[in-house]
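K.L.:
I have a structure I would like to understand better, so I am pasting it below and will then ask my questions one at a time.
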Ligand SMILES: Cc1cc2nc3c(=O)[nH]c(=O)nc-3n(C[C@H](O)[C@H](O)[C@H](O)COP(=O)(O)O)c2cc1C
């Protein structure tokens, strides 16, 4: 997109705060949102956010540097934060030792039924999902990343440090109460994600959540959950949100770090296809159903809490990592209800361009219902 073509596209105060041109932020889906996707979004005028949750500190540093090689525009890093920061540094091996025998037996049975071979040893020293946030944060600070996004837990334990470094702290919430709490803890911007969103999800729909969060906090609010084209974006901006945070739509892009058959699954999905399962992390997570989600649905034990369930889930996915690996039928395919709208895999730049252009057209015509 040339700067000439950008004239007339939506632009909000948050765009100036973040140093971007259009208020579209790609969700930090770990580890799908890698350097290629993030740089493509930032180069197209939006803000790309790396999903670094499941990465070691070396990997975080490496993807941040790789992204810098691909773009000179701002980008962010997203981490899932633990509810309590004193969980720091537990390895997959430490966490695996806490898993009850009954759950282990269930995982072994599911793995055998699905033909999955255990491949956990090489990754046993890796830190378990969400337990390494403090060390990951140090790397993000050292690398001077301008935007930090935290999901689930509060960013309170690091907000001051990011502010001292001149970075913006953004927090993802699923309720008004959480929005108020994270702003009190130092979040500069709140992403309000409705239940229809892919990945971890709450109970309140986007349409109900946004106006309540907008009323409750005095920082910029970013809309998330079910936004897949310019119509959703225009509605969010009209409501008073200053940007959109988009996950599922960016999964079906050329640059997204998932397999081709996973992208095809998004394209084939209908609005009601995604289900909420606790099989992946122990928390409610919206994903497309398959043999693996079904096996957990029928399991004789309930999923464990985080960080135990991600380790247990990995035992049934063929590896300890929380990567998007696996094979058709035995994989975690996170996706939101907007998947039904997505008809083809396109470039990330095309998603940014078409969403911004369609929103601009709708916003320009928004007065047509007025007398
Ligand atoms: C496959 C997948 C993985 C995700 N992983 C993360 C993550 O690691 N961290 C995070 O903050 N959000 C994660 N999310 C949630 C997104 O950040 C975002 O809030 C959500 O996708 C927005 O709703 P949408 O999918 O309808 O656009 C993930 C979502 C999906 C679909």
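K.L.:
Quick check on region 52-73. Is at least one of its residues in the same structural domain as residue 356 (by TED's automatic domain parsing), surrounded by fewer than 16 Cβ atoms within 10 Å (Cβ to Cβ) and in a loop (DSSP other than H, G, I, E, B)?
P.N.:
There is at least one residue in region 52-73 that is in the same structural domain as residue 356 (by TED's automatic domain parsing), surrounded by fewer than 16 Cβ atoms within 10 Å (Cβ to Cβ) and in a loop (DSSP other than H, G, I, E, B).
K.L.:
A further question on this structure: Select, from 251, 288, 304, the only residue that is within 13 Å of the ligand (Cβ to nearest atom) and surrounded by fewer than 24 Cβ atoms within 10 Å (Cβ to Cβ).
P.N.:
Only one candidate qualifies: 288.
K.L.:
Now for a different question. Given (1) surrounded by fewer than 21 Cβ atoms within 10 Å (Cβ to Cβ); (2) touching a strand residue (DSSP E or B) at 6+ places or on another chain (Cβ under 7 Å), where does residue 356 come up short, assuming only one miss?
P.N.:
(1)
K.L.:
Can you pull out every residue in region 203-216 that is within 15 Å of the ligand (Cβ to nearest atom) and touching a strand residue (DSSP E or B) at 6+ places or on another chain (Cβ under 7 Å)?
P.N.:
Within region 203-216, 206, 209, 210, 213 qualify.
K.L.:
Do the conditions hold for residue 219, that is, is it assigned to a loop (DSSP other than H, G, I, E, B), more than 18 Å from the chain's Cα centre (by Cα) and more than 10 Å from the ligand (Cβ to nearest atom)?
P.N.:
When the stated conditions are applied, residue 219 passes them.
K.L.:
Just checking, does region 77-87 include any residue being over 22 Å from the mean Cα position of the chain (by Cα), away from the ligand (no atom under 16 Å from the Cβ) and modelled with pLDDT under 90?
P.N.:
Within region 77-87, one or more residues are over 22 Å from the mean Cα position of the chain (by Cα), away from the ligand (no atom under 16 Å from the Cβ) and modelled with pLDDT under 90.
The values are calculated or read from the model by the stated rules, or taken from the named source; none is laboratory data. Everything numeric here is computed off the predicted structure, so don't read it as measured data. No Cβ is skipped: glycine too gets one built from the backbone with ideal geometry, and neighbour counts run over all protein chains shown.
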